[in-house]
Structure formats: C-alpha cells, structure tokens
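Below is one structure; the comments refer to it alone.
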Amino acid sequence: MYTPAITGTGVFTPQNIITNAELVAAFNAFADQKNAENTKAIAAGEMEPMQHSSEEFIVKASGIQNRYVMDKTGVLDPDMMYPALRQRSDEEPGIMTEMAIDACQKALAQAGRTAQDVDLVICAASNHERAYPAIAIEIQQALGTKGFGFDMNVACSSATFGIQAAADMVRSGSVRAALVVNPEICSGHLEWRDRDCHFIFGDVATATLIERIEDAQGPHFEIVSTRCATEFSNNIRNNNGFLRRSRPDGLVDRRDMQFMQNGRKVFKEVLPMVSRHISDHMESEGIESGDLKRLWLHQANKTMNDFIGKKVLGREPVAGEQPNILQDYANTSSAGSIIAFSKYSDDLQDGDVGLICSFGAGYSVGSVIVKRHG
Ligand code: COA
C-alpha cells in the first residue's frame, strides 16, 4: 500500500464577474417585463405579480456578493436569462474541457509535473454537458495524459468523492498519479428567473493532483483519511436528462429542468448531518478539534459555514481558520471547498492537520483529512 498526497491544485476563474447590483437590476427588469405582459391576469387575481429581488437580501441570506460566469450577456438580458454559450462543433473541445485544462495545468505546474506523469483523470462535477464520450476522456486527450479517465457526479460533493476514489487507487497502486478535475458550469443549470435562487451559483473549475507521497517534488498534503456518506433527499433536485423527450411535456421549458431546492429544509437537514459526519470522521482518526488547523468547507452559504465551524471546533472560528470564498465566487458546487483549499493552504506548517468538506444534493457529504509536509 502507498500513501496518497495532494501535490498540486489549480483554479480556473472565468473572466466575467456579475455583481449583486447587476444581477438584481437584470432580474427586476425581467420581473417588470413579465408583470407588464400579464397586467390583466394579475388584475383579475389569476396570477401573482413577480416580486423584485434585493441586494440586501442576497448578502444577508447567503453572504454572496459576486459570481464569475462563462457568459454574462445572456444571463443579464431580460429576454434571455440564461448564458449565451457558443454552439461548438464535435471537433472542438467542449466548454467543460476548456475550463478544466487551465485548472489542470495549474495543478500540474504546482506539483512540478507534466501531463505525461498522470495516468488517471476523473472529471467530477454536478452536471456533465453530454452523456458520452466521457468529458474526462476529452480532457485526457487535450492534456495528453496516459491511462484512463471517467466521469462521476455526486453534485456538490463530487470533488471530495473524486478525491476518495483517486486516493484509493493511488493507495492500492492501480494508478500512480491522478487528476481530479471539477469544471462546474453552474450558470447552465441555475434558474436565473427565480428570485429565490437566482443569486446562488457561479462558474469555475478546480483541479487536484494526487500522487504517491514519495513522488512529491515540493510541499504537499498527505491524505490521512477520507470519508463519504449519502442519504436520499428530493430537496435539491434537477430533472433534466436524456429521457426528456420521452415525456409528453418533455421539451417544454419546465422549471424543474433547472436547479430546484427547498433551501430551508436543506439548511435544517444538512447542517446536523455534516457536523456529525465531520466530528465522527475526526474522532475515528483520533483528531481533536484543537488539533485542526484549518477547515475548508463547501461554499454555499456563510451562515451554514459559521454554524458548522462553531459546531466542529466547539467555539467561534478565529479569522482565517475557516476561510470563505463564496462572497467572491458564490456557490460553485463541488469546486467551492477546493478553491478555499487552493487559496488558503500555503501558510500551513509542517505537520499541520486540516479538513476539506463538501456537501449538498443527494444528500451527500464527503470529508478529506490532510496533513501538511514541507
Ligand atoms: N430578494 C428579496 N427577497 C427574497 C429573495 C430575493 N432574491 N428571495 C427570497 N426572498 C424572500 C422570500 O420570499 C421570503 O419572504 P417571506 O418571508 O415574505 O416569505 C424571505 O425572503 C425569506 O426567504 P427564504 O427562502 O426563507 O430565505 P432563507 O433565509 O432560507 O435563504 C437561501 C435562502 C437559499 C439563501 C438559504 O435557504 C440557503 O442557502 N439554503 C441552503 C442552500 C444550500 O446549501 N443549497 C445547496 C445547494 S448545492
């Protein structure tokens, strides 16, 4: 058995930023337009008027201030309210591959490796732009890695579940170096016309290189232990899929083809599940809360993270102990905790222990305990 380690991470950040002010202005223009189109039905009480969104609500309810997206023109156009992404030919790399490559190259550069050193690519994300061929295989070809690749989807927990799968393969010796990449094109499945959730998501890609610890060329994080858990729930759901056309209303623009959630229930049910999961994982590894130098949590909601941090550490986390990036990136699904890890781990000292945790639809929760070396 070999010991797996994270030797490099990379983050691809799209060029376009949408501020809360821009988002709310576009949403309110859309709502006004819809209300004007439906004045009669609204006056007759047959229809509720759409209500305005507000910047204050968004910051208070979520902590989110900005999000990055691959396209903002379509999202902010009241006649569209979805990203205007260029139609690509089958001969070109897809948008997920394009996002993934930059993140993978950064992870490889940090580890002092080339694509030729890699023999597994796992593309782990909430949505894949097609069923097959696997996005991971397209990424494998674009990067020039060896071996094999496959896609996996565990929604917001895809990155940690991917890290567990890759770490287990490195541990057993079936692969020597694996890239786990999370291209999250969340703007595609977010319902920008729904004020309850239009502010939630952003686009990003993250990549994590996992190798045998003895192959590490520089400072790295030993993967001490991983743990994954799932429990079925309909409270975060997306009904889009390849059987769409087989339904009588399958091609209609239906709300449930985009991200749907019962946010309040998610809050209530996921928080105890995650806090318990992290505490149990730490306990079984003999790690006390005082031993934990950093928590890199899933980046969905600031209040959620404050709650989990307090529960796990048994006190208010001090500044920097539990870094959030959601104010700048919004919820980027599985990539969120990896962005936090990538941006806020360099300062840890030899021997310091930290924990990466993601959670979300499924329900699913995954945690990775890491120890800094070098
Ligand atoms: N602007 C202004 N007001 C809004 C609004 C908006 N954009 N969206 C909702 N409101 C209103 C609601 O209509 C409601 O009004 P009411 O009290 O008159 O009915 C009020 O604000 C509170 O709405 P609610 O949905 O209960 O807010 P919340 O405090 O639960 O926050 C979320 C909403 C989505 C931010 C929060 O529930 C959340 O983050 N949940 C977990 C999300 C999560 O982790 N999901 C995982 C995804 S992978």
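The values are calculated or read from the model by the stated rules, or taken from the named source; none is laboratory data. From a predicted model like this one, the values you see are computed outputs, not experimental measurements. When we count neighbours, we look across all protein chains shown, and the Cβ atoms used for this are built from the backbone with ideal geometry, even at glycine. Keep in mind that these areas ignore ligands, DNA and RNA; they rest on the heavy atoms of the full protein, side chains included. Shrake-Rupley method; radii C 1.70, N 1.55, O 1.52, S 1.80 Å.
Can you confirm whether the range 266-277 contains a residue that is closer than 22 Å to residue 338 by Cα, open to solvent by less than 10 Å² (accessible area, probe 1.4 Å), free of Cβ contacts under 8 Å to residues at least 60 places away in the same chain and among the small types (Gly, Ala, Ser)? Yes, the range 266-277 contains at least one residue that is closer than 22 Å to residue 338 by Cα, open to solvent by less than 10 Å² (accessible area, probe 1.4 Å), free of Cβ contacts under 8 Å to residues at least 60 places away in the same chain and among the small types (Gly, Ala, Ser). The residue list 321, 283 contains one member that is assigned to a loop (DSSP other than H, G, I, E, B) and either away from the ligand (no atom under 16 Å from the Cβ) or of a type in the set (A, V, I, L, M, F, W, C) (or both), which is 321. Among the candidates 323, 317, which residue alone is crowded, with 17+ Cβ neighbours inside 10 Å and touching a Gly at 6+ places or on another chain (Cβ under 6 Å)? Only one candidate qualifies: 317.
Which residues, counting only those in the range 1-49, are over 30 Å from the mean Cα position of the chain (by Cα) and within 16 Å of the ligand (Cβ to nearest atom)? 32, 34, 35, 48, 49 - these are the residues of the range 1-49 that are over 30 Å from the mean Cα position of the chain (by Cα) and within 16 Å of the ligand (Cβ to nearest atom).
With respect to the conditions (1) surrounded by fewer than 18 Cβ atoms within 10 Å (Cβ to Cβ); (2) within 16 Å of the ligand (Cβ to nearest atom), residue 254 falls short on a single one, namely (2). Against the criterion of being in a helix (DSSP H, G or I) and without any contact (Cβ under 8 Å) to a residue 40 or more places away in the chain, residue 316 does not qualify. Taking first residues from the range 289-311 that are over 19 Å from residue 182 (Cβ atoms) and in a strand (DSSP E or B) and partners that are open to solvent by less than 20 Å² (accessible area, probe 1.4 Å) and hydroxyl-bearing (Ser, Thr, Tyr), the Cβ contacts under 9 Å between residues at least 6 apart in sequence or on separate chains come to 294/345. Restricting the range 57-89 to residues that are open to solvent by 50 Å² or more (accessible area, probe 1.4 Å) and under 21 Å from residue 305 (Cα atoms) leaves a set whose member that is farthest from the ligand (Cβ to nearest atom) is 65.
For the range 349-374, a residue qualifies if it is open to solvent by 10 Å² or more (accessible area, probe 1.4 Å) and more than 16 Å from the ligand (Cβ to nearest atom), and the qualifying residues are 349, 350, 351, 352, 353, 371, 372, 373, 374. Picking from residues in the range 176-225 that are more than 16 Å from the ligand (Cβ to nearest atom) and among the polar types (S, T, N, Q), the one that is surrounded by the most Cβ atoms within 10 Å (Cβ to Cβ) is 208.
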